[in-house]
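I have placed the structure first, in the form of structure tokens, so that the comments after it can refer back to it.
The values are calculated or read from the model by the stated rules, or taken from the named source; none is laboratory data. Treat the numbers as computed from the prediction; the structure is a model and nothing was measured. Counting neighbours? That spans all protein chains shown, and the Cβs are built from the backbone with ideal geometry, glycine included. Side chains are part of the model used for accessible areas, which takes the heavy atoms of the whole protein and leaves out ligands, DNA and RNA. Shrake-Rupley method; radii C 1.70, N 1.55, O 1.52, S 1.80 Å.
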Amino acid sequence: MLVTIPDLLTPEEVAYIRQVLEGTDWVDGRSTAGDQAAKVKNNLQVPQDSPVARELSGIVMRALGRSPTYSSAALPLHVLPPMFNRYDEGMTFGAHVDGSIRVIPGTGQRIRTDISTTVFLTPPEDYDGGELVVHDTYGEHRVKLPAGHAVVYPATSLHSVSPVTRGSRWASFFWAQSMVRDDWRRHMLYDLDQSIMRIRSMLPDDDPAVTGITAHYHNMIRHWSEI
Ligand SMILES: O=C(O)CCC(=O)C(=O)O
Ligand SMILES: [Fe+2]
């Protein structure tokens, strides 16, 4: 399941993050990639342990905390600190699958990467190319969103970033371990949650139909979650 989250970051947050990123050092993105991904990866990243990365990561984490869409789509158990990357003209990231296990810097805790997220930080009119291309069972999805918007997709899917042919594409990207490992189950829960919200806009919260379907949602989570 691929879910877009409009305005995850406010325009002020995007402007602040971009301003800080303007003045920071970037390193070769291959430093955090596994063997196969490193061969097809050509981008730049902010070093994960730099004070800038830590500060900006916090802004993105707080934005996730206020997003009901992220919570509902990802059902996150652990979120790795968001990182920051850029693709200047000619840069690209070929087809790869993200590494399945990553270590939370500082704590050493291992997390399983169930869900990948990209938060776009550059307005689409400022660059050509640079689409995130996600392959799933229904085919290929090309994603290029306004600055501040995010896309959430299963970390199990093959994906790539097409070459940037003009300008520079900046983004924040990160992984989460979900309480529900299976993408199809998460999809069903997300659809059910959307339907519950529509039903709740039509019926009072104490209507037996509302309590019944809400109980069903929670019982499915209880049944499927690993925490
Ligand atoms: O830049 C992006 O949108 C995705 C980055 C990515 O796929 C990765 O770092 O593994
Ligand atoms: Fe990736």
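Those residues that are in contact (Cβ under 8 Å) with a residue 12 or more places away in the chain and more than 9 Å from ligand 1 (Cβ to nearest atom), I need them from segment 107-116; list them, please. So that I can check it myself, show each step before the final result.
Of all residues in segment 107-116, those in contact (Cβ under 8 Å) with a residue 12 or more places away in the chain come to 109, 111-116.
Matches in segment 107-116: 109, 111, 112, 113, 114, 115.
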(message) Given the options 53, 63, name the one that is under 19 Å from residue 118 (Cβ atoms), outside any loop (DSSP other than H, G, I, E, B) and within 13 Å of the chain's Cα centre (by Cα).
(response) 63
(message) Being open to solvent by 10 Å² or more (accessible area, probe 1.4 Å) and aliphatic (A, V, I, L, M) is the filter here; which residues of segment 45-63 pass it?
(response) 52, 59, 61
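Before we move on, is residue 37 more than 29 Å from residue 191 (Cβ to Cβ) and away from ligand 2 (no atom under 16 Å from the Cβ)? If you could, list the steps in order and put the result at the bottom.
On the way: more than 29 Å from residue 191 (Cβ to Cβ): yes; away from ligand 2 (no atom under 16 Å from the Cβ): no.
Against the criterion (more than 29 Å from residue 191 (Cβ to Cβ) and away from ligand 2 (no atom under 16 Å from the Cβ)), residue 37 does not qualify.
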(request) Can you give me the number of residues within segment 66-104 that are free of Cβ contacts under 8 Å to residues at least 60 places away in the same chain, in a helix (DSSP H, G or I) and small (Gly, Ala, Ser)? (result) 1
(request) Select from segment 75-87 the residues that are within 16 Å of ligand 1 (Cβ to nearest atom) and open to solvent by less than 40 Å² (accessible area, probe 1.4 Å) and write down the one among them that is farthest from the chain's Cα centre (by Cα). (result) 87
(request) Pick out the one residue from 170, 184, 175 that is of a type in the set (Phe, Trp, Tyr) and assigned to a helix (DSSP H, G or I). (result) 184
